[in-house]
Amino acid sequence: MFLAVGLAATPVANWTAADDGKSVTLTVGDQATLTLSASAGTGYLWKIDPVDATVLAVSEAKINADRTPGLVGGPVQFVWTIAAKAPGKVDLAAKLARPWIADNPAQTVTIHVAVK
């Protein structure tokens with residue numbers, strides 16, 4: 001389940017694919033962002049697996065594309081805002097896959113989040 005996340009707070013962490021497999025800690029009320037890159041026009045999209053919405057709120061992805069004139073199939077970034085709502089532990093897992101073969105992702109990123 002994805003919930004609306006307010007953007008009033010400044011993120012305390014900015015996670016990327018380089019953080020795959022890491023364990024991180026947030027405090028209730030903290031916000032973080034997860035930014036993952038892909039190539040436009042390939043059919044691949046990043047999706048986050050559902051998480052325990054009582055612990056973390058995850059926004060819908062904001063997609064930022066490179067708008068360079070004449071650039072076809074350029075890089076895009078998928079950016080989510082994550083808000084720590086209550087104490088608990090959640091595996092925040094994202095998968096890069098084509099929607100018609102979602103069970104065979106090209107890449108996965110998992111961040112182990114503990115909220116205190």
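The values are calculated or read from the model by the stated rules, or taken from the named source; none is laboratory data. Computed from a predicted model, the values in this text were never measured in an experiment. No Cβ is skipped: glycine too gets one built from the backbone with ideal geometry, and neighbour counts run over all protein chains shown.
Can you name the residue in the range 92-109 that is surrounded by fewer than 18 Cβ atoms within 10 Å (Cβ to Cβ) and closer than 17 Å to residue 80 by Cβ and, of all such residues, is farthest from the chain's Cα centre (by Cα)?
So, considering only residues that are surrounded by fewer than 18 Cβ atoms within 10 Å (Cβ to Cβ) and closer than 17 Å to residue 80 by Cβ, the one farthest from the chain's Cα centre (by Cα) is 105.
How many residues are hydrophobic (A, V, I, L, M, F, W, C), surrounded by 13 or more Cβ atoms within 10 Å (Cβ to Cβ) and part of a loop (DSSP other than H, G, I, E, B) if we restrict to the range 41-85?
Looking only at that region, the number is 4.
If you take the residues in the range 33-52 that are among the aliphatic types (A, V, I, L, M) and under 15 Å from the mean Cα position of the chain (by Cα), which one is farthest from residue 90 (Cα to Cα)?
It comes out as 38.
Taking residue 29, is it free of Cβ contacts under 8 Å to residues at least 40 places away in the same chain, surrounded by fewer than 12 Cβ atoms within 10 Å (Cβ to Cβ), out of contact with any Cys (no Cβ under 9 Å at 6 or more places or on another chain) and part of a loop (DSSP other than H, G, I, E, B)?
So residue 29 fails the test.
Consider residue 66 carefully, then state whether it is farther than 15 Å from residue 114 by Cα, at pLDDT below 95 and among the charged types (D, E, K, R).
It is true that residue 66 is farther than 15 Å from residue 114 by Cα, at pLDDT below 95 and among the charged types (D, E, K, R).
Residues of the range 36-63 being of a type in the set (A, V, I, L, M), closer than 21 Å to residue 18 by Cβ and modelled with pLDDT of 95 or more, which ones?
Answer for the range 36-63, where residues must be of a type in the set (A, V, I, L, M), closer than 21 Å to residue 18 by Cβ and modelled with pLDDT of 95 or more: 36, 48, 51, 56, 58.
For residue 35, are the conditions met, namely being out of contact with any Leu (no Cβ under 9 Å at 6 or more places or on another chain), on the phi < 0 side of the Ramachandran plot, assigned to a loop (DSSP other than H, G, I, E, B) and free of Cβ contacts under 8 Å to residues at least 60 places away in the same chain?
No, not satisfied.
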